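K.L.:
Here's a structure for you.
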Amino acid sequence: MNNVAVYVLEITFPLAFFKVPYTVKTRNTYIIPRKKSIISIFNSFLERPLSFWKVEGKEKLKMEEEILKDYLVGVELIEFNKCIEIQRIIQVKGDKTEKPPSFTEMLVFPQYIFYIVTKQNFFVSSFPTSYFPFGGQNDYLAYEWKIVKNEGKIEEVENEEISLNNYQLIPRDSNPVKNTEIIIEEGLEEYYVGRGTFRLQGKHKILNIFNKKILLY
């Protein structure tokens, strides 16, 4: 196992909304944000935010994918609730005006621990230096947070059992073993959200920190 520097951010939002991109009228949220969103939240504490957010044009997506490979992230969801917000959409069709309902699924007081592993050394402030951290959209500002730099160990495992105390993103081909709870079947496209003991399929990177195991992606 290799020792690595790990930036750990414990953060809580009164409300959060991490939009599932293929929903329109009914707007659903991921309960665990995507990798890019995690780095964006972390970015608010950096003296110099990661520069790829400023890349524009045809090379933007390619540049983002390349730079994201330089970072490994993990996340624990400690607690959350869901609520539905109802809006009215005004649609004008010829002489008629319709106001069909639109539903937005939101997270209420979600509490996360984000882990970011990188070879770079960052200046990390305990208070936001670049912008205020927000949960998916800038209407949903963070309530409280704690950010620290610590040391952890990374190991690569293959077809191994792993026990998770808190909710994490778990690859969908993993097999439940014991005391498992799966709360979201599609946490992200290739993962579900759950906790307990699972047997992983194939090779995966695991962060060992604070006597816990964190799946990295």
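K.L.:
Specify the residue with the greatest mean-square fluctuation among 118, 97, 12, computed from a Gaussian network of the chain linking alpha-carbon atoms under 10 Å apart.
P.N.:
97
K.L.:
Sticking with this structure for a sec: If you average the sequence gap of Cα pairs under 8 Å that are 6 or more apart and divide by the length of the chain, what percent do you get for the contact order? Please report the intermediate quantities before stating the final value.
P.N.:
On the way: 486 pairs, mean separation 63.0, N = 217.
This gives 29 percent for the chain.
K.L.:
Please give, to one decimal in nm, the separation of the simple spin-label points placed at residue 68 and residue 158, each 7 Å out from Cα toward the Cβ.
P.N.:
Label at residue 68, label at residue 158, 2.7 nm between them.
K.L.:
Same structure again: Could you work out the longest stretch of the chain that avoids the trypsin sites (Lys or Arg not before Pro) located in DSSP loops with at most 10 other Cβ atoms within 10 Å?
P.N.:
120-217
K.L.:
Cut-off under 20 Å on the C-alpha distance; same-chain residues fewer than 8 positions from residue 82 excluded. Which lysines are left, in chain and number order?
P.N.:
19, 25
K.L.:
Are there chymotrypsin sites (Phe, Trp or Tyr not before Pro) in region 1-35 that DSSP marks as loop and that have at most 11 other Cβ atoms within 10 Å, and which are they?
P.N.:
Values: sites: 7, 17, 18, 22, 30; in loops: 17, 22.
Sparse-neighbourhood loop chymotrypsin sites (Phe, Trp or Tyr not before Pro): 22.
K.L.:
Within region 194-217, which residues have the backbone N less than 12 Å from the label spot 7 Å out from residue 177 along Cα→beta-carbon, could you tell me?
P.N.:
Those under the cut-off are 196-201.
K.L.:
Report the full-extension gain for the segment residue 118 to residue 27: residue separation times 0.36 nm, less the Cα-Cα distance, to one decimal in nm.
P.N.:
29.5 nm
K.L.:
Sorted from largest down, what three extents in whole angstroms do the Cα atoms of the chain have along their principal axes?
P.N.:
On the principal axes, the chain reaches 69, 43, 36 Å in Cα extent.
K.L.:
If you take all C-alpha pairs in region 175-217, what percent of them are over 17 Å apart?
P.N.:
37
K.L.:
At what distance in nm do the modelled label points of residue 125 and residue 166 sit from each other, each positioned 7 Å from its Cα along Cα→Cβ?
P.N.:
Going from the residue 125 label point to the residue 166 one covers 2.5 nm.
K.L.:
If I build a Gaussian network model for the chain, linking alpha-carbon pairs within less than 10 angstrom, which residue out of 42, 80, 103 has the largest mean-square fluctuation?
P.N.:
Result for the chain, Cα springs under 10 Å: 103 fluctuates most.
K.L.:
What is the dipole size for the chain, taken about its Cα centre, with +1 at each Lys and Arg Cβ and -1 at each Asp and Glu Cβ, in debye to the nearest 20?
P.N.:
Here the size comes out at about 380 debye.
K.L.:
Still on this model: Express the relative contact order of region 166-206 as a whole percentage, based on alpha carbon pairs under 8 Å and six or more residues apart in sequence.
P.N.:
47
K.L.:
Averaging sequence separations of C-alpha pairs under 8 Å and six or more residues apart, then dividing by the length of region 75-167, give the relative contact order as a whole percent.
P.N.:
Relative contact order of region 75-167: 27 percent.
K.L.:
Moving to a separate point now. When the Kirkwood radius is taken over all Cα pairs of region 115-167, what Stokes-Einstein diffusion coefficient follows at 20 °C and 1.002 mPa s, in µm²/s? All intermediate terms of the calculation are to be shown ahead of the outcome.
P.N.:
Numbers: Rh = 14.9 Å.
The Stokes-Einstein estimate is 144 µm²/s.
K.L.:
Report the gain in length on full extension from residue 205 to residue 138: 0.36 nm times residue separation, minus Cα-Cα distance, nm rounded to one decimal.
P.N.:
20.9 nm
Rule-based calculations on the coordinates, nothing more; no lab input. Here the structure is a predicted model, which means the values were calculated and not measured. Because the Cβ atoms are built from the backbone with ideal geometry, glycine has one as well, and the counts that use them run over all protein chains shown.
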